[in-house]
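Read the structure below first, then the notes.
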Amino acid sequence: MVAAMALSGTIGWFVVTSGQPPVDVVFFRCLFGGAALLGTLALRRGWQPMRRAEWGWLALGGVTLILNWLCLFSAYAYSGISVSTVVYHTQPFFLLLLAALFQREAIAPGRLAWLVLAFGGVMLITGIEHGGAGRGMLAGVGLAMLAALLYAITTMATRRLKGIPAGQIAGLQMVLGVLMLSPLAHPAVASFDGRTWGALLALGLVHTGVMYTLLYGAFQRLNVLSIATLSFVYPLVAIVIDVLVFGVVLTALQLAGMAMILLAVVGNQLGWAPWQRRRAGD
């Protein structure tokens with residue numbers, strides 16, 4: 001999960017570098033990623049037969065995954081990457097709500113507090129407290145929130161596919177994405193240069209072929225709270241990329257936000273609850 005989220009932190013960089021509309025970016029991501037995933041699966045002879053119900057969950061997760069990408073990549077143009085990323089990371093709260101509603105998974109108050117702390121850290125890192133509601137901000141925030149909800153549904157659907165190889169799940173969902181977007185994508189391939197092809201290939205082969213194998217494997221092994229908390233590694237890595245690649249200078253508040261996220265991740269994984277009073281005799 002940590003490795004998958006670290007790769008996720010570089011996605012925005014490659015999306016912007018490609019210079020292409022969100023529909024075309026997602027189409028090529030599905031095309032290249034699906035070929036890599038299913039090709040690897042075929043070489044390993046890892047295909048597993050699926051029941052009708054599993055096909056249904058896979059399709060639901062695939063549709064919501066593709067729509068999630070479209071919404072998030074579109075949000076960048078309206079509210080910027082920083083604000084969009086912060087809003088998108090409300091998805092752990094959607095995930096917890098869905099789990100409580102449909103799977104009757106209890107939410108421990110102590111672990112929920114770690115999630116709140118992590119979200120506060122994300123807000124400090126991106127500097128949202130200094131921003132304002134500029135032109136298009138409402139549209140961007142709405143798209144990012146919709147992307148968060150869709151991603152939470154994808155996560156819940158994937159957790160229903162026990163015993164199915166991660167590459168098979170993600171590969172078939174990429175095929176679904178190609179079919180969904182073929183009528184909508186109109187890439188000007190003749191104008192693509194090496195930079196554009198490199199970004200699109202990376203998004204398909206690395207950020208999909210490699211990352212979703214790791215991500216779906218984690219979904220099948222971790223509980224909802226662990227998935228939700230570890231997802232905050234994504235914005236942390238995105239900020240590190242900004243510093244190393246784009247020379248962004250971090251403020252004291254942003255450094256504090258990084259510390260909050262790391263503390264929240266460790267606290268959740270180890271089950272710390274320092275705010276709870278110990279009972280007499282414990």
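The table that follows gives values for the structure above.
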{"item": "Residue 256-residue 139 FRET efficiency (beta carbon distance; Förster radius 35 Å; 0.05 resolution)", "result": "0.70"}
{"item": "Accessible-area order (highest first, 1.4 angstrom probe) of the listed residues 242, 24", "result": "242, 24"}
{"item": "Cα-centred dipole magnitude for the chain, charges only on beta-carbon of K, R (+1) and D, E (-1), debye, nearest 20", "result": "880"}
{"item": "Residue 93 - accessible surface, heavy atoms, 1.4 Å probe, Å² rounded to 10", "result": "70"}
{"item": "Candidates per trypsin sites (Lys or Arg not before Pro) in the range 135-209, loop by DSSP, up to 12 other Cβ within 10 Å", "result": "135, 162"}
{"item": "Amide H contacts of residue 20 (H built 1.01 Å from N, under 5 Å, at least 5 apart or other chain)", "result": "none"}
{"item": "Solvent exposure, largest accessible area first (probe 1.4 Å, DNA, RNA and ligands not counted), of 5, 123", "result": "123, 5"}
{"item": "Carbon/sulfur fraction of accessible area - the chain, other protein chains in place, 1.4 Å, %", "result": "68"}
{"item": "Theoretical FRET efficiency, 1/(1+(r/R0)^6), r = Cβ-Cβ of residue 51 and residue 270, R0 41 Å, to 0.05", "result": "0.65"}
{"item": "Residue-wise HN-Hα coupling along the range 203-215, computed from phi with Karplus coefficients 6.51, -1.76, 1.60 (Hz; x: Gly, Pro)", "result": "4, x, 7, 8, 6, 10, x, 7, 5, 6, 5, 5, 5"}
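The values are calculated or read from the model by the stated rules, or taken from the named source; none is laboratory data. Because the structure is predicted, anything quoted here is derived from the model rather than measured. Cβ atoms come from the backbone with ideal geometry, glycine included; neighbour counts cover every protein chain shown. Surface areas here come from the heavy atoms of the whole protein model, side chains and all, with no ligands, DNA or RNA. Shrake-Rupley method; radii C 1.70, N 1.55, O 1.52, S 1.80 Å.
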